[in-house]
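Down below is the structure, laid out as structure tokens.
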Amino acid sequence: MRWNLDPAHSSIDFAVRHMGFATVRGRFDAFEADIESDDEGRLIGLQARIRTDSVDTGEKERDGHLRSADFFDAERFPEMRFAATRIEPTGDRRYRVSGELTIRGATRPVGFELTVQPPIRDPFGNVRAAAEASGTLNRKDWGLSWNRVLEAGALLVGEDVRFTLDMQAVEAQPEAQRAA
């Protein structure tokens, strides 16, 4: 079965240490995903695209810096991409997802734990499913290495980026059903 991501009910959030003692949080506002499950509802496929120019930390100057060549270089690399290469069930509605993440043209292997909620039927008759995941990436692995060392030795921008994914998807209707 194929699923369509519902961006109005999904989010991609991140958090990074700032100056060694505080946390800056942000999100990406534009993303899409291709999701596939088998007939029993088990996740079997996942690919995602995230618009790098949609980064939003709530501070325009910082967001502009993140879009610049110092970080995402959004003009040259408008998307980050994730493609699952292996999805392993690890328990009741839990999966270990391994795949390749491409940022700024660099592709590296990543993995994270994903928890899927049982599908439900919404008030409009659509079948919906939800999933959540979190993890940590080191931004330097993808060439996002801009930084400043502060007087006390702490980094202005932490290297580890914590991310949280909350996704909701709607079961795609077969072509014949959509045409009717």
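The values are calculated or read from the model by the stated rules, or taken from the named source; none is laboratory data. Just so it is clear, the model here is predicted, and its values are computed rather than measured. Here the Cβ positions follow ideal geometry from the backbone for every residue, glycine too, while neighbour counts run over all protein chains shown.
Quick look at the numbers
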quantity	calculated
Residue that is nearest to Asn4 (Cα to Cα) [pool: residues in segment 146-171 that are surrounded by 13 or more Cβ atoms within 10 Å (Cβ to Cβ) and without any contact (Cβ under 8 Å) to a residue 40 or more places away in the chain]	Glu159
Matching residues, segment 25-49, being of a type in the set (Val, Ile, Thr) and within 23 Å of Pro78 (Cβ to Cβ)	Ile35
Condition check for Arg94: without any contact (Cβ under 8 Å) to a residue 40 or more places away in the chain, closer than 13 Å to Arg42 by Cβ and of a type outside the set (S, T, N, Q)	yes
In segment 118-144, residue farthest from the chain's Cα centre (by Cα) [restricted to those that are surrounded by 13 or more Cβ atoms within 10 Å (Cβ to Cβ) and in a loop (DSSP other than H, G, I, E, B)]	Asn126
All positions within segment 22-78 that are aliphatic (A, V, I, L, M) and closer than 26 Å to Thr90 by Cβ	Ala33, Ile35, Leu43, Ile44, Leu46, Ala48, Ile50
Residue tally, condition outside any strand (DSSP E or B) and not aliphatic (A, V, I, L, M), over segment 145-163	6
The lone exception for Phe77 - which of (1) touching a residue at least 60 places away in the same chain (Cβ under 8 Å); (2) part of a loop (DSSP other than H, G, I, E, B); (3) of a type in the set (A, V, I, L, M, F, W, C); (4) closer than 25 Å to Asp6 by Cα it fails	(1)
Residue, farthest from the chain's Cα centre (by Cα), within segment 19-33, restricted to residues that are surrounded by fewer than 16 Cβ atoms within 10 Å (Cβ to Cβ) and in a strand (DSSP E or B)	Ala22
The lone exception for Val16 - which of (1) in contact with a helix residue (DSSP H, G or I) (Cβ under 9 Å, 6 or more places away or on another chain); (2) of a type in the set (A, V, I, L, M); (3) not in a strand (DSSP E or B) it fails	(3)
Out of Gly143, Gly125, Gly99, Gly105, sole residue that is in contact with a Phe, Trp or Tyr (Cβ under 7 Å, 6 or more places away or on another chain) and more than 20 Å from Gly45 (Cβ to Cβ)	Gly105
Some residue of segment 51-62 being outside any strand (DSSP E or B), touching a residue at least 40 places away in the same chain (Cβ under 8 Å) and more than 14 Å from the chain's Cα centre (by Cα)	no
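The rows are residues; the columns are (1) modelled with pLDDT of 95 or more; (2) within 29 Å of Thr57 (Cβ to Cβ).
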position	(1), (2)
Ala83	yes, yes
Gly91	no, no
Leu101	yes, yes
Gly143	no, yes
Trp146	no, yes
Leu150	no, yes
Val157	no, yes
Asp166	yes, yes
Glu175	no, no
